[in-house]
Structure formats: structure tokens, C-alpha cells
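Before any comments, here is the structure.
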Amino acid sequence: MSPPAISVAIVAWNSARWLPSCLDSVAAQSSPPIDVVVLDNASGDESATIASAHPAVTLLERSPSNSGFAGGQNRAIRATRGEWVLTLNPDVVLEPDFLARLAARAAAVDGAPAAGPGRPGGIGTLCGKLRRLRPDLRRPDPPTIDSTGIVFRRDFRHLDRGSGEVDRGQWEREEEVFGATAAAALYRRAMIEDVSVDGEFFDEAFFAYREDADVAWRAQLLGWGCLYLPGAVGYHVRSVLPERRREVPAVLNRHSVKNRFLMRIKNADAATWKRCGMRGLLRDAAVVGGCLANEWSSLPAFADLARLWPRARAQRATIQARRRRSGDEIARWFA
């Protein structure tokens, strides 16, 4: 079975520091993509110039304003042609066989979503093992895990599996995970089209942060699974971490608060609430209390949430009407 055609979609915003290494690693792939689309999100640095001059880039698109990761990726994805699309952060560097390993597995996985409760779904997302990369693009020694897939806890909090752990080979099993971090996630075109709502794959109301977890939750509801492949390795400069929240730009923390609630309005059902309700509400209280006590810059997130509530409820109606998996099948992921 021949491997499918893969496209790469990159959103750059003031990414000149890392973009050359990212694009060099794409150009060095043993199984090259059919196209590489870079969307420049109104950068104030040389990102667009670097992308336009790089031989790996098939198409450079420019946004007149910063449309966020979600809006930028949606536009970049629409400009690609592959059966599968790798969303790639400009601060990620791939091993030369990264795409080859994902493409070989993509050729073998089932491509049909689940038709009803209790039935296994098709695989719509593939992800590899991401390790940490320092801001100077050096690899930590010993190697440290950045992500081996997205997991959800019973307080509705989502995390990157294995984040911060020394890589001792503890994540070497190929297995299904809830979802993939969009820093380097391979999405099936058929799934992108199936789970999009109002033409948006990533919800553009999120702007940035948590949009990949929202996609993963929506995909699970609609019967699409995510497969983790430990042999496909990349390296990621992780600048946003929960333990470094005070160092994160205030606008990102504001979006983080808003999106935590938006994601749940759209996707959570009775079974998930039954499993997570008390812990989730306690976590909500901690988030609100933290904003009131220490992070006033995030308080406008609640005004944003009120403004976006009708839109989120309408999206929820669309998603829940089309769901293919039962509540219990989804709730089991919230461990």
C-alpha cells in the first residue's frame, strides 16, 4: 500500500528565531511532503522573508492581522492539497524519518469514523513523540518529554502526557490517545472536513491555546481516534507551561481561562459531568479565585465568555446532533 500524500501547514508569528531550523528539518525529510504552506500572521520580524526564500516552502500566505493560531491554521490548511495535513509549529524540529513513519502508518489505519456507540472508530489523527528543545535549539541531555499525546483529568484539565519527564523509554508503546498537540499533529483530510463546524476546523473564537484539545474532544465525539507512534520523533521549544504561568503573556492567560469553559460548553455531556463534576467545579472555583486574587488581567475572559456563549451553544447543538460515540465511551478518557 503506497503512503498517502502529506501536506505541512505552519503558522508563523514573529518566529524568525526558529523558523529556519523548522523548515530545514521539513526539507530534510526522507519522505517529503507534497506541499508546505506557511501562513505569516502579520509578523513584525523577518518570518515572511525567511519563509519566502526557503526552498521547502510551496506557498507563503500573509494575513493582514494576527488571526491567532486557530484562524491561521484554518487558512493554511485550506491552501494545502494532501490527504493528510501536518500542523507544525515553527519552533518544532523533526527527525528526518518523522513524516515517513507517520505516512507508513497512515496508509494502514482505518479511515471510517465509528457508525454508532460501542463500535471502534477510524483513526483521524496521528502523533509522534515530542521531546523538549531549548530556546537556543539545543536538545536537553538527558532527553526530556514534551508530549506523547493529550490527556484529560477528572477536573476537566488537559495536559501533555509525559510532559517534563526524562525520556527513559517509558512511552514506547504504540497506542490510542485522546488527542494530539497541534504543535506536530497529522490530521486526516476526511476528518478535518467531517469535524469542522461552520467551516472552522480549529475554533477561531479560541484564537490561541486549547484549540487542539477542543478538536480532539470533538473528533472523539464524532468517532475519530488518535494514534500515538513513539518512533516518530520531533523536538519542541515549549514556551507555555502551567508551572510558568506568571511568565506567559497576559493575553494568552486570558484566552486560556476563556477557552477552558468554551471547550466544555461545546463538548461535555451528562456522562462526562457525572465523572468529573465535583472535581471540575472545584477546579473552576480555583481558576476564578486565582483570577480575582492574583491575575486581574484574565478577568476580561469572563466577559469574552458571556459574549461567545450563544455561539458556543449553537456549535454544541451541531456537534451533539452528529455525535457517533456514547457518553460512557468519551467519559472513560477522563481519568
State all residues of region 108-139 that are under 15 Å from Arg325 (Cα atoms) and modelled with pLDDT under 95; if no residue qualifies, say none.
-> Ala112, Pro113, Ala114, Ala115, Gly116, Pro117, Gly118, Arg119, Pro120, Gly121, Gly122
Examine region 261-276 for a residue that is of a type in the set (Phe, Trp, Tyr) and closer than 28 Å to Asp97 by Cβ, and state whether such a residue exists.
-> no
How many of the residues making up region 289-335 are without any contact (Cβ under 8 Å) to a residue 40 or more places away in the chain and surrounded by 15 or more Cβ atoms within 10 Å (Cβ to Cβ)?
-> 1
Out of all the residues in region 260-268, is one or more under 28 Å from Ile145 (Cβ atoms), of a type outside the set (A, V, I, L, M, F, W, C) and free of Cβ contacts under 8 Å to residues at least 40 places away in the same chain?
-> no
List, please: which pairs have Cβ atoms under 8 Å, are six or more places apart or on different chains, and start with a residue in region 92-112 that is within 12 Å of Gly231 (Cβ to Cβ) and end with one that is at pLDDT below 95 and crowded, with 17+ Cβ neighbours inside 10 Å?
-> Ala100/Pro3; Ala104/Pro3
Restricting attention to region 41-62, which residues are crowded, with 20+ Cβ neighbours inside 10 Å and either among the polar types (S, T, N, Q) or touching a residue at least 60 places away in the same chain (Cβ under 8 Å) (or both)?
-> Asn41, Ser43, Ser47
Is there a residue in region 91-101 that is at pLDDT 95 or above, within 22 Å of Val233 (Cα to Cα), aromatic (Phe, Trp, Tyr) and in the same structural domain as Ser147 (by TED's automatic domain parsing)?
-> yes
Tally of residues being touching a Leu at 6+ places or on another chain (Cβ under 8 Å), outside any loop (DSSP other than H, G, I, E, B) and either modelled with pLDDT under 95 or hydrophobic (A, V, I, L, M, F, W, C) (or both) across region 158-190 = 4
How many residues does region 40-75 hold that are more than 12 Å from Trp13 (Cβ to Cβ) and within 18 Å of the chain's Cα centre (by Cα)?
-> 3
Quick one: is Leu252 part of a helix (DSSP H, G or I) and touching a Phe, Trp or Tyr at 6+ places or on another chain (Cβ under 8 Å)?
-> yes
Inspect all residues belonging to region 320-334 and state whether any of them is modelled with pLDDT of 95 or more, closer than 21 Å to Asp160 by Cβ and among the basic types (Lys, Arg).
-> yes
The lone exception for Asp141 - which of (1) part of a loop (DSSP other than H, G, I, E, B); (2) touching a Leu at 6+ places or on another chain (Cβ under 9 Å); (3) farther than 30 Å from Gly280 by Cα it fails = (2)
Go through region 1-11 and count every residue that is among the hydroxyl-bearing types (Ser, Thr, Tyr) and surrounded by fewer than 17 Cβ atoms within 10 Å (Cβ to Cβ).
-> 1
Just checking, which of Phe206, Phe178 is within 20 Å of Ala9 (Cα to Cα) and of a type outside the set (D, E, K, R)?
-> Phe206
Can you tell me which residue within region 12-39, out of those that are within 19 Å of Arg81 (Cα to Cα) and within 21 Å of the chain's Cα centre (by Cα), is surrounded by the fewest Cβ atoms within 10 Å (Cβ to Cβ)?
-> Asp35
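The values are calculated or read from the model by the stated rules, or taken from the named source; none is laboratory data. Everything quoted here is computed from the prediction, not taken from an experiment. FYI the Cβ positions are ideal-geometry reconstructions off the backbone, even for glycines, and counts take in every protein chain you see.
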